[in-house]
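The values are calculated or read from the model by the stated rules, or taken from the named source; none is laboratory data. Not measured: the values here are computed from a predicted model. Every residue, glycine as well, gets a Cβ built from its backbone with ideal geometry; the counts of neighbours run over all protein chains shown. For the accessible areas, the whole protein counts, side chains as well, though only heavy atoms, and no ligand, DNA or RNA atoms are used. Shrake-Rupley method; radii C 1.70, N 1.55, O 1.52, S 1.80 Å.
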Amino acid sequence: MLQAGTAPRADGRQASHRSDAFPLPELYERVSRHVPAVEWPALAPDVEAILRLKRERNAVVLAHNYQAPEIFHTVADIVGDSLALAREAARVDADVIVLAGVHFMAETAKLLNPNKTVLIPDLGAGCSLADSITAADVRALKAKYPGVPVVTYVNTSAAVKAESDVCCTSGNAADVVRALGVPRVLMIPDEFLARNVQQQVPEVEMLTWAGHCEVHERFTPADIAEVRDSYPGITVIAHPECPPEVVEASDFSGSTAMMMNYVTEKRPAQVVLVTECSMADNIAVANPDIEFIKPCNLCPHMKRITLGNIRHALETMTHEVTVEPALADRARTAVERMLAVKPTQTVSPAPIPAPTSAAA
């Protein structure tokens, strides 16, 4: 533990600071491995303001695992993968939700909290997967494959969710597919996730869409081979949005929450996370004895969220996320069906019925 009035330097040694000159030393301790001490005084005013504004607004900050450590470990009230954030958004006790993530996550929070104010700090925080498919595309697929259930990844717009039977995340996709109890599904829009889930549920035929995550599609088996050559014995953990060849070359694949659990439970001496860069930084804070090796890829959309624009969002109550009520009702049904699926089911229930809508 730090002594009062001190903070670690960037090189890991202790640097003396007067307690009245070095701000919020107890919070800096959490991120000292990733934020140089010289930079902290510039970040601390935003942290302090956000903490104050959360109290004044009765607000909470939900942060995805890909957020930078200075957000993840100092101002976030709830952190996790898409599934965890969706579950927590459904039961959060606050008037205002600030989503430190991308736009589809904020929409999902709004779907589950129609009477709360949901803010996203930057409207430009989008997603290549969400952009890869439209509601019209889904309607065309349903016309081409009548009666085939549509399983839609949460990395999509509310309009796409509204055309779907049920949503899924990378953490529960296989369970959702099994729960449908059918021989064939349309799994959209992430082609690689669908192909990887196919390996877990071989009895179900996956019809896919050619959507890809711009972060994960860039990883290759050659990247994995290079890491293994450089670091013999290293543990390789890949996100299921990666190409199947990358997942096959890895030791474990799972959602960001599963990645965190694997590292904390298995405690490999060296590990590489084949996903967005901030994941390793955030896990490393609580696991200083584990060596995290990169490569990784940055998500340009996640990195649009900063302490500064979280503060601005709370100061100005912008940018508010809204969803047209009729569309929201249909999209909410797909998300709620996902949340109702029990994990690792061994017996499939009856098929989930299609939502009632004019487009169905």
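Per residue of the range 128-145, what does 6.51 cos²θ - 1.76 cosθ + 1.60 with θ = phi - 60° give for ³J(HN,Hα)? Whole Hz please, x for Gly and Pro, Karplus curve as stated.
With coefficients 6.51, -1.76 and 1.60, one gets 5, 5, 4, 6, 7, 8, 10, 4, 4, 4, 5, 4, 5, 5, 5, 5, 6, 10 Hz.
Cut-off under 17 Å on the C-alpha distance; same-chain residues fewer than 8 positions from K294 excluded. Which aspartates and glutamates are left, in chain and number order?
Reachable aspartates and glutamates: E217, D223, E226, D229, D251, E276, D281.
Might you work out the accessible area of S32 for me, using a 1.4 Å probe with all protein chains in place, and round it to the nearest 10 Å²?
Result for S32: roughly 20 Å² accessible.
Which of the cysteines found in the chain have nothing to pair with, since no other Cys Cβ lies under 4.7 Å from theirs?
C127, C167, C168, C213, C242, C299
Could you work out the helix-only [θ] at 222 nm for the chain, with each DSSP H run of four or more residues adding -39,500 (n - 2.57) and the total divided by the number of residues, to the nearest 500 deg cm²/dmol?
Details: 16 runs with 146 residues, N = 360.
The helix-only estimate for the chain comes to -11500 deg cm²/dmol at 222 nm.
Looking at the chain only, what percent of DSSP beta bridges run antiparallel? Nearest 5 please.
Working: 4 of 35 bridges.
Once the DSSP bridges in the chain are tallied, antiparallel ones form about 10 percent.
Tilt of helix 277-286 relative to the longest C-alpha principal axis of the chain, in degrees (0 to 90, nearest 10)?
Around 60 degrees separate the two axes.
How would you order 322-333, 250-261 from highest to lowest mean count of nearby Cβ atoms within 10 Å? If you can, show how the numbers build up before the last one.
Numbers: 322-333: 17.6, 250-261: 20.1.
Descending mean neighbour count gives 250-261, 322-333.
Where only protein heavy atoms count, and the probe is 1.4 Å, what is the accessible area per residue for the chain in Å²?
Details: 15270 Å² over 360 residues.
Using a 1.4 Å probe on heavy atoms only, each residue of the chain averages 42 Å².
Taking the Cα atoms only, what angle lies between the long axis of helix 256-266 and the longest principal axis of the chain, rounded to 10 degrees?
60 degrees
May I ask you to work out the translational diffusion coefficient for the range 13-118 at 10 °C, viscosity 1.306 mPa s, via Stokes-Einstein with Rh from the Kirkwood sum over Cα pairs, reported in whole µm²/s?
Values: Rh = 14.8 Å.
Here the translational diffusion coefficient equals 107 µm²/s.
Quick one: accessible surface of I293, probe radius 1.4 Å, all protein chains present, in square angstrom to the nearest 10.
Rounded to the nearest 10, that gives 10 Å².
Starting from the residue with the highest accessible area, list W209, W40 in decreasing order, probe 1.4 Å.
Values: W209 65, W40 0 Å².
The ranking, largest first, comes out as W209, W40.
At a probe radius of 1.4 Å, what is the per-residue accessible area of T117, in Å² to the nearest 10?
Counting only protein heavy atoms, the figure is 40 Å².
If each residue of separation counts as 0.36 nm, what is the full-extension length gain between K266 and L298 once their alpha-carbon separation is subtracted?
Going from the current span to full extension adds 9.0 nm.
Order the following by accessible area, largest value first: K144, K116. Probe radius 1.4 Å; ligands, DNA and RNA are ignored.
Working: K144 140, K116 45 Å².
Order by accessible area, largest first: K144, K116.
Using only the alpha carbons, work out the radius of gyration and Dmax of the range 217-282 in angstrom.
When restricted to the Cα atoms of the range 217-282, Rg and Dmax are 10.9, 28 Å.
Angle between the Cα long axis of helix 221-230 and the longest principal axis of the chain, 0 to 90 degrees, nearest 10?
30 degrees
Please list R30, R178 from largest to smallest accessible area, probe radius 1.4 Å, with all protein chains kept in place.
Values: R30 115, R178 65 Å².
Sorted descending by solvent-accessible area, the residues read R30, R178.
Mind checking the full-extension length gain between L339 and R87? Use 0.36 nm per residue of separation minus the Cα-Cα distance, one decimal, nm. Don't skip to the end; give the middle numbers.
On the way: separation 252, 0.36 × 252 = 90.72 nm, distance 0.70 nm.
My answer for the length gained is 90.0 nm.
Could you work out what % of the accessible surface of the chain is carbon and sulfur, using a 1.4 angstrom probe and leaving DNA, RNA and ligands out of the count? Walk me through the numbers on the way to the answer.
On the way: 7890 of 15270 Å².
Of the solvent-accessible surface of the chain, carbon and sulfur hold 52 percent.
Residue separation times 0.36 nm, minus the C-alpha to C-alpha distance between T316 and A225: what's the value?
27.9 nm
Please report the relative contact order for the chain, taking Cα pairs under 8 Å with a sequence separation of at least 6, and give it as a percent rounded to a whole number.
Numbers: 714 pairs, mean separation 72.7, N = 360.
Reported relative contact order: 20 percent.
Give the cross-link partners of K161 among the lysines, using a straight C-alpha distance below 28 Å as the criterion and excluding same-chain residues fewer than 8 apart.
Straight-distance partners of K161: K110, K116, K142, K144, K303, K342.
Could you tell me the convex hull volume per residue, in Å³, taken over the Cα atoms of the chain? Each step should come with its number before you reach the end.
On the way: hull volume 48.3 nm³, N = 360.
Value for the chain: 134 Å³ per residue.
Please sort 81-90, 63-72, 334-343, 97-106 by packing, taking for each peptide the average over its residues of neighbouring beta carbons within 10 angstrom, highest first.
Values: 81-90: 21.9, 63-72: 24.4, 334-343: 17.8, 97-106: 26.9.
So the order, starting with the most tightly packed, is 97-106, 63-72, 81-90, 334-343.
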